[in-house]
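Written below as C-alpha cells is the structure these notes are about.
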Amino acid sequence: MNAPAARRAPPLGELIARLSTLHPARIDLDLDRVHRLLERLDHPERKLAPVIHVAGTNGKGSTIAYLRAILEAAGLRVHVYTSPSLVRINERFRLGHVGGGVLVGDDELATALEKCERINAGQPITLFEIETVAAFCLFAQQPADVLLLEVGLGGRLDATNVIDAPLASVIAPVSMDHTEFLGDTLTAIAGEKAAIIKRSVPVICAEQPPEAMAVIEQNAKRLRAPLHAAGEGWHVNVECGRLVYQDERGLMDLPAPKLFGRHQFDNAGLAIATLRAQDRFKIAPAAYEAGIVNAEWPARMQRLTSGALLGQAPQGCEIWLDGGHNAEGGRVAAAALGDLEERVSRPLVVIVGMMANKDASAFLGNFAGLTRHIIAVPIPDNDKAMPPDRLADATRALGMRVEIAGSIEAALCALARLVYEVPPRILITGSLYLAGHVLSANGTPPG
C-alpha cells in the first residue's frame, strides 16, 4: 500500500489573496488576535534567537541592513523580518545561514502561512499579523544567532511587539507619519514607538526632536532600561569622507557607507551603537568595517545602473530611486541630492507618485530649491494611490512646474525627447509601492 502523498501548500499568490479576506481592514492595531494564534501554535515567539527589535519612522530598514551586514561579517547566522516588500513578499523573510542569509522560498513560506491559516480556523486576523506569526514559525524552526525584527507600524500594538525580552530595543528617527493610526503629534507618535521598550533591556536611540526624546527618556526611566542616545551616549560624525564613531568605549574610524546620503552615516551609527550596547556577541573591528561598506538596502537613494528603464531614459542620465514618502524622508533625499549636485552638477527632474493619505506638500516642499521640473505619475494597480492631478495641484501650489505622465515609462520617454546640455539627474520617489513597481519594471528586484 502506497504512503499518502505529502500535502502541498497552494500557490503563494493564491494563499495571500485568501488570507487578505480574513479581516476587512488592512490595518487594525490590536495584539489580541496575534496572542491568540501564537498560543494555538505553542508559542513560537518564545523559541526564537535573541531579538533586536527596531522601531521608528524613518531609517528602520537601513539600520537593519547595517546590523545584518556587520553581524554576518562577524560570522553569525542572522534571521531578518522587515516590511514592506517591494516586489515579492519573500523579501520580508530572510533565513540566517553561515556565510549569509537567504530569502525564504515560495514553498516554505506558503507552507508556514497555510499552517497559520489552518490553526487560525477562520478567526479575524489581518494579513500583516498572520505573516508575522508565520515568520516566527519559520524562525523558530531554524537555528540562528540573532533575529532582527522590524516594527511594521507604530510599536505599542504592532504584531511584532509580543517579544517580552529582546536583546535590545532600537528607536530610529521619529517624525510625522501614519497620523491616522498613531496620533497627530510627535509626542503621541513617539509614545507608540517607545512602547517597544522592555524592562531592563538596553534602548539605543537615534537623534530625535526634543518632544519625542522626552517621551523615550520617560519610558526608559520607568522601565529601568539603560538608554544609549545619539549625541549623549554615542556620537557619529563625517570626517574627511569617513565615518567616525565614538562612545565611552573608544573611537572607531570607518569607511563611508555604500548606501548614499548623509543620513546613512547616522543609520550606520545607530547600528554600531546597538551592537556595542549588548554583550552577548563580541564584534571585531573588521566586521564593523566590512558591514558598513557592504550593507545594501534597495529603494533608499539607490542608483539604477542597469535595467530596462535606463534604455528609455535620456542617454547618459543618472536615475536614482528612493521610497521616501513623508516630510522627513523628503528632507534626507533632498539633502543627498544637494551633495550630488556639489560633486557633479546636473539638471534635476523629480518623478513622483504618492499614496492618497500622504502630505504631498510637506514632502515635495523639500525639493523646491533643487528643481522646478516635477512629473506626477500614478502608482500602478493601487486604488489607494493619490491621483496625479491632485499631486500636480500640490506641486503648483509650491510654485514648481509640473507635468503629468501616465506611467514611469512614459515620463522617461518624454524626458528622452528633450534636449539637455548635460544629461539630467532623475529621482523617482514618493512611495515604496512606486519603488517596487520601478524595480520590477526595470528587471532588478531585490535578492
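Selection of the range 351-376 for residues being more than 14 Å from Asp393 (Cβ to Cβ), more than 21 Å from the chain's Cα centre (by Cα), surrounded by fewer than 18 Cβ atoms within 10 Å (Cβ to Cβ) and not hydrophobic (A, V, I, L, M, F, W, C) yields Gly369, Arg372.
Can you say whether Met400 is in the same structural domain as Ala335 (by TED's automatic domain parsing) and in contact with a Phe, Trp or Tyr (Cβ under 9 Å, 6 or more places away or on another chain), as far as the supplied structure shows? The answer is yes for Met400.
Yes/no matrix, rows are residues, columns are (1) more than 22 Å from the chain's Cα centre (by Cα); (2) within 18 Å of Leu182 (Cβ to Cβ):
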site	(1), (2)
Asp28	no, yes
Leu38	yes, no
Asp42	yes, no
Val51	no, no
Thr57	no, yes
Ala73	no, no
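The residue that is modelled with the highest pLDDT, among those in the range 173-223 that are within 24 Å of Ser62 (Cα to Cα), among the acidic types (Asp, Glu) and within 21 Å of the chain's Cα centre (by Cα), is Glu207. Within the range 398-417, restricting attention to residues that are assigned to a helix (DSSP H, G or I) and within 19 Å of Met355 (Cβ to Cβ), the residue that is farthest from the chain's Cα centre (by Cα) is Ala411.
Among the candidates Gln264, Gln218, the residue that is surrounded by 17 or more Cβ atoms within 10 Å (Cβ to Cβ), part of a helix (DSSP H, G or I) and of a type outside the set (A, V, I, L, M, F, W, C) is uniquely Gln264.
Would you call Asn382 farther than 16 Å from Arg425 by Cα, in contact (Cβ under 8 Å) with a residue 60 or more places away in the chain and either among the acidic types (Asp, Glu) or in the same structural domain as Leu432 (by TED's automatic domain parsing) (or both)? Break it down stepwise before answering.
Working: farther than 16 Å from Arg425 by Cα: yes; in contact (Cβ under 8 Å) with a residue 60 or more places away in the chain: no; either among the acidic types (Asp, Glu) or in the same structural domain as Leu432 (by TED's automatic domain parsing) (or both): yes.
No; evaluated as a whole, the condition is false for this residue.
Just the residues that are at pLDDT 95 or above and among the hydrophobic types (A, V, I, L, M, F, W, C), please, taken from the range 357-369. Once the filter is applied, which keeps residues that are at pLDDT 95 or above and among the hydrophobic types (A, V, I, L, M, F, W, C), the range 357-369 yields Ala360, Ala362, Phe363, Leu364, Phe367.
Table: residues versus (1) touching a Lys or Arg at 6+ places or on another chain (Cβ under 9 Å); (2) buried (at least 20 other Cβ atoms within 10 Å of the Cβ); (3) in contact (Cβ under 8 Å) with a residue 60 or more places away in the chain.
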{"site": "Pro50", "(1), (2), (3)": "yes, no, yes"}
{"site": "Val54", "(1), (2), (3)": "yes, yes, yes"}
{"site": "Ile64", "(1), (2), (3)": "no, yes, yes"}
{"site": "Leu67", "(1), (2), (3)": "no, yes, yes"}
{"site": "Leu76", "(1), (2), (3)": "no, no, yes"}
{"site": "Pro84", "(1), (2), (3)": "yes, no, yes"}
{"site": "Glu91", "(1), (2), (3)": "no, yes, yes"}
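Among all positions in the range 75-85, there is at least one residue which is over 21 Å from Ile189 (Cα atoms) and modelled with pLDDT under 95. Taking the numbered list (1) closer than 25 Å to Ala290 by Cα; (2) modelled with pLDDT under 95; (3) in contact with a His (Cβ under 8 Å, 6 or more places away or on another chain) in turn, Gly154 passes all entries but (1). For Ile379, the conditions (1) surrounded by 19 or more Cβ atoms within 10 Å (Cβ to Cβ); (2) outside any loop (DSSP other than H, G, I, E, B) all hold with the exception of (2).
Of Leu147, Leu157, which residue is over 15 Å from the mean Cα position of the chain (by Cα), over 21 Å from Asp32 (Cα atoms) and either in the same structural domain as Ala55 (by TED's automatic domain parsing) or part of a loop (DSSP other than H, G, I, E, B) (or both)?
On the way: Leu157 fails: over 21 Å from Asp32 (Cα atoms).
The conditions single out Leu147.
Tally up the residues in the range 280-328 that are surrounded by fewer than 22 Cβ atoms within 10 Å (Cβ to Cβ), in contact (Cβ under 8 Å) with a residue 60 or more places away in the chain, small (Gly, Ala, Ser) and over 30 Å from Ser361 (Cβ atoms), please. Total satisfying the criteria: 8.
Scan Ala140, Ala134 and give me the residue that is surrounded by fewer than 23 Cβ atoms within 10 Å (Cβ to Cβ), at pLDDT 95 or above and farther than 26 Å from Ala206 by Cβ. Of Ala140, Ala134, the one residue that is surrounded by fewer than 23 Cβ atoms within 10 Å (Cβ to Cβ), at pLDDT 95 or above and farther than 26 Å from Ala206 by Cβ is Ala140.
The values are calculated or read from the model by the stated rules, or taken from the named source; none is laboratory data. Being a predicted model, the structure only gives us computed values, none of them experimental. Every residue, glycine as well, gets a Cβ built from its backbone with ideal geometry; the counts of neighbours run over all protein chains shown.
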